[in-house]
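To start, the structure itself, in structure tokens.
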Amino acid sequence: MAIFPSREWVEAVLQAAEKSEKYKEAAKDWEGDFLSIIEGDEEFVRDLSRREGMEGFISFLDMMPLEARRKYNGTPMGDVFEKKLGVPLDSPADKFSIDEMLSMVSKLSVEDLKGACTYFWSDFWHGSVRAMKPVAPGEHEDATFKLSGKYSAWKLMVSGKQDTIRLVMSNKLKLEGDMSYVMKHMKAVVALTKEVFAGVPID
Amino acid sequence: MYFEIDPKVREDKGLSLLREETHRFAEEVIRPAARELDRMSDPEQVIAKDSPYWDVLKQMKKLGYHRIFIDPDYGGLGVNATEAHIILEELGWGSVGLTTAIGVDQIAPAVASLFAMGDVIEKIVKPWVEDTEAKYHGCWGVTEPECGSDYIMACEESFLPHVKELHPGEVRADEDGDGWVINGPKSSWISSAPTATHVGLHVTLPPHDSLANGAFCIVPLDQEGVTKGKPVDKLGLRDDPQGDITFDNVHIPDDYMLIRPPFYEFRIGQIICTTSCFMGTVFTGLARAAFEEALEYSKNRVQEGKPLCEHQLVKQKLYKMFEKVESSRCYTRKIMEHVWEKTYIERTFDASSRHALSAQIYGKRSAFEVAYEALQIFGGYGLTKDFLIEKLFRDARAGLIEDGTTEVLGLAAAYNIVQEC
Ligand SMILES: Cc1cc2nc3c(=O)[nH]c(=O)nc-3n(C[C@H](O)[C@H](O)[C@H](O)COP(=O)(O)OP(=O)(O)OC[C@H]3O[C@@H](n4cnc5c(N)ncnc54)[C@H](O)[C@@H]3O)c2cc1C
């Protein structure tokens, strides 16, 4: 079981994509990167208040170089870390005291998370996932597609519990970009959820 | 007399049983009720509380026929394409009108079961699939007074570059607080509108400039602002009432908006793919019914000293009818399997619309051609109300217009052929 999002989850997803012949076949014509935007919500607070959740999330952010993390400063997500959890996001990893942060998370409300987003970027290319990593706000704004939504909706998608199409059609996730391209490559989208994401159980 | 040409189906005991059971229901329940409804002089009688229409609808719901197209994960019947095809051909054999009623019934909940989440599942889909008393009944609102064939064309993705040449649509939805407000009229041709509790409704969205800038939603019809007209008195398919619905500031929650941009533009044709398979199949049932009537009659009626079927000319007609029924079954079943795969198995919603539309056209045209020749074999008696054939002929004639004229469906398919082939 991996935590979403975490370094472990990203590595497992990359491996699952590499191993899945079904995904490679379904996505063999796909060309296009995604900027994914995860908006904090109640479930995010709940997951952060578990030790594994907090550790996982920190490990995910730690995949970014310091200067990228610095760009979160002054954004709602940066403020949550700096002002509510007591550690600016651009602190070195050993400065993150999980125990202290866990004690502060309990005081966090959904209101505090208003506008707090985490960004990650994935580059899908002819059946392989060339990159998947957290990025700073403003980076990869020119991605071919943008997918945004609440953390709970993202979890439904990456757990494979809900298909991407249902999440997008019911407005739980918002997809921006050339829709006719997506429609023509629906197989790739379905395979990503069914064959790759669903193959990495999340906690 | 029925011989199943596909050995996989013929040798499967479960499928044979399914066909026999559905056939019995079609013969004992649907057909007699449909004939009774067909003969009612006033369409108001068809929709009256004590009408056999309701008995049949209840029995169909008890048997789960209202769940054929609903996602099995959300209470659908869980049949595969072949099973769905077998059921629908038999029901269509019983009567296309009442089968249309159970077909349009499930369009909105089926779409919700495939694409929606949250409230609409709890409030609409769940009670719908559990209903065995016909407390809920759905209809499908596409065409409008000024926008008949235009709406059919707008649903073909390959026609999109030309969509602005069409009428921009009359039924509009505008954002209203946390939901939508709907205004405008749907045509007099909405099947089951006079009896329906809900409609799966096509609307346009601001700036209301094109039918492609649209959405599909589900609207409960027991609300203030909904007006229904009288059921239409018409030539065929008299056992399924059509009527108009007008919306005057009717509110729905945001959840009830099931398909919106940009999916509407690119994917609404997939609903037509499914309904096209449905239509092609039920009209195959009608074609078979007409063929069987003619064959039987031709064996009993004697002219020039021998049964009609012993005359070369009649034999030739019977052969052609047989060929149409069999080819229609094979073709519509194949296309049903394709559309089913894309919709319920792969879930890529990218079925080939030219094939689906052609299945509808082929089934409807076969039904009309077979019913036309069948009636001819009956001679003068074919025109009387004593025989079923005149009803089948009238129903088949209505089929050439219902759900899109065969010409316009062909035109839509042709745009797809030219673009994709
Ligand atoms: C029994 C029955 C049931 C129905 N059920 C429903 C229902 O459940 N829901 C619903 O929304 N609608 C329903 N309809 C409406 C049906 O879809 C329309 O009647 C059909 O699409 C034709 O539209 P129209 O009647 O407005 O004719 P028009 O669009 O006015 O067409 C008139 C004639 O012009 C031809 N024509 C139109 N446009 C073109 C073109 N571009 N090129 C060449 N020829 C053209 C047509 O083929 C037709 O012969 C039903 C109709 C019937 C008869």
note = The correct count of residues that are touching a residue at least 60 places away in the same chain (Cβ under 8 Å) and open to solvent by less than 20 Å² (accessible area, probe 1.4 Å) in region B:223-246 is 7
note = Inside region B:360-416, the number of residues satisfying the requirement of being within 15 Å of the ligand (Cβ to nearest atom) and of a type in the set (Asp, Glu) is 4
query = Of all residues in region B:104-126, which are in contact (Cβ under 8 Å) with a residue 60 or more places away in the chain, open to solvent by 10 Å² or more (accessible area, probe 1.4 Å) and among the acidic types (Asp, Glu)?
reply = B:ASP119
query = Do we find a residue being open to solvent by less than 30 Å² (accessible area, probe 1.4 Å), in contact with a helix residue (DSSP H, G or I) (Cβ under 7 Å, 6 or more places away or on another chain) and farther than 30 Å from A:VAL189 by Cα anywhere in region A:54-63?
reply = no
Unique match (being away from the ligand (no atom under 16 Å from the Cβ) and away from every other protein chain (no Cβ under 14 Å)) among B:VAL125, B:VAL142, B:VAL129 = B:VAL129
inquiry  = Condition check: more than 20 Å from B:ALA110 (Cα to Cα) and not acidic (Asp, Glu). Does B:GLN270 satisfy that?
reply    = no
key: strands (runs of 3 or more DSSP E) wholly inside region A:92-203 containing at least 3 residues that are within 13 Å of another protein chain (Cβ to nearest Cβ)   = A:145-150, A:173-176
ask   = Mind checking which residues of region B:181-197 are out of contact with any helix residue (DSSP H, G or I) (no Cβ under 6 Å at 6 or more places or on another chain) and open to solvent by 20 Å² or more (accessible area, probe 1.4 Å)?
value = B:VAL181, B:ASN183, B:PRO185, B:SER188, B:TRP189, B:THR197
inquiry  = Taking the condition of being free of Cβ contacts under 8 Å to residues at least 60 places away in the same chain and within 18 Å of the chain's Cα centre (by Cα), how many residues in region A:140-170 meet it?
reply    = 12
message = Given the criteria open to solvent by less than 10 Å² (accessible area, probe 1.4 Å), away from the ligand (no atom under 13 Å from the Cβ) and within 14 Å of chain A (Cβ to nearest Cβ), does B:THR332 qualify?
response = no
query = Can you pull out the residues in region B:173-196 that are within 16 Å of the ligand (Cβ to nearest atom), in a loop (DSSP other than H, G, I, E, B) and not aliphatic (A, V, I, L, M)?
reply = B:SER192
key: Residues located in region B:376-393, provided they are of a type outside the set (Phe, Trp, Tyr) and open to solvent by 30 Å² or more (accessible area, probe 1.4 Å)   = B:GLN376, B:GLY379, B:GLY380, B:LEU383, B:THR384, B:LYS385, B:ASP386
query = Would it be correct to say that B:LYS324 is more than 14 Å from chain A (Cβ to nearest Cβ), in contact with a strand residue (DSSP E or B) (Cβ under 8 Å, 6 or more places away or on another chain) and either modelled with pLDDT of 95 or more or surrounded by 18 or more Cβ atoms within 10 Å (Cβ to Cβ) (or both)?
reply = no
ask   = If a residue has to be within 14 Å of chain A (Cβ to nearest Cβ) and assigned to a helix (DSSP H, G or I) to count, how many in region B:257-299 make the cut?
value = 10
query = So how many residues does region B:247-268 have that are surrounded by 20 or more Cβ atoms within 10 Å (Cβ to Cβ) and more than 30 Å from B:ASP38 (Cα to Cα)?
reply = 14
ask   = Has region B:39-50 got at least one residue that is closer than 14 Å to B:THR82 by Cβ and either among the basic types (Lys, Arg) or under 22 Å from the mean Cα position of the chain (by Cα) (or both)?
value = no
request  = Determine whether region B:85-103 contains at least one residue that is open to solvent by 20 Å² or more (accessible area, probe 1.4 Å), more than 14 Å from every other protein chain (Cβ to nearest Cβ) and not hydroxyl-bearing (Ser, Thr, Tyr).
outcome  = no
query = Residues in region B:197-256 that are of a type outside the set (Asp, Glu), in a loop (DSSP other than H, G, I, E, B) and within 12 Å of the ligand (Cβ to nearest atom): how many?
reply = 8
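The values are calculated or read from the model by the stated rules, or taken from the named source; none is laboratory data. Here the structure is a predicted model, which means the values were calculated and not measured. Because the Cβ atoms are built from the backbone with ideal geometry, glycine has one as well, and the counts that use them run over all protein chains shown. Keep in mind that these areas ignore ligands, DNA and RNA; they rest on the heavy atoms of the full protein, side chains included. Shrake-Rupley method; radii C 1.70, N 1.55, O 1.52, S 1.80 Å.
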